[in-house]
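The structure appears below as structure tokens.
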Amino acid sequence: MSPSADAQHVVIIGAGITGLTAAHRLLKITTASDYRGMPVTVTVIESDAEVGGKIRSSPFAGITELDEG
């Protein structure tokens, strides 16, 4: 689907869990077979080098991951 004058462009600021969820849901809704609205493109902007916001995990006791955020 190529962009047109009727296409919507959504910009999400922040690639934390909320921003990533918003992007995922928008794309899921707008690519559903029964969606009859305008085409949508989504851009997520993040200032950090990694996505995920404060969500982090690290090895714990060598056998599992410990959630830190």
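The table that follows gives values for the structure above.
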{"item": "Every residue from the stretch 13-39 that is modelled with pLDDT under 90 and among the aliphatic types (A, V, I, L, M)", "result": "Ala32, Met38"}
{"item": "Subset of the stretch 22-69 (residues that are farther than 28 Å from His9 by Cβ and part of a loop (DSSP other than H, G, I, E, B))", "result": "Arg56, Ala61, Gly62, Ile63, Glu68, Gly69"}
{"item": "Positions within the stretch 1-52 being farther than 30 Å from Asp67 by Cα and either basic (Lys, Arg) or within 10 Å of the chain's Cα centre (by Cα) (or both), in sequence order", "result": "Arg36"}
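The values are calculated or read from the model by the stated rules, or taken from the named source; none is laboratory data. None of the values given here were measured: they were computed from a predicted structure. Cβ sites come from the backbone with ideal geometry, for glycine too, and all protein chains shown count toward neighbours.
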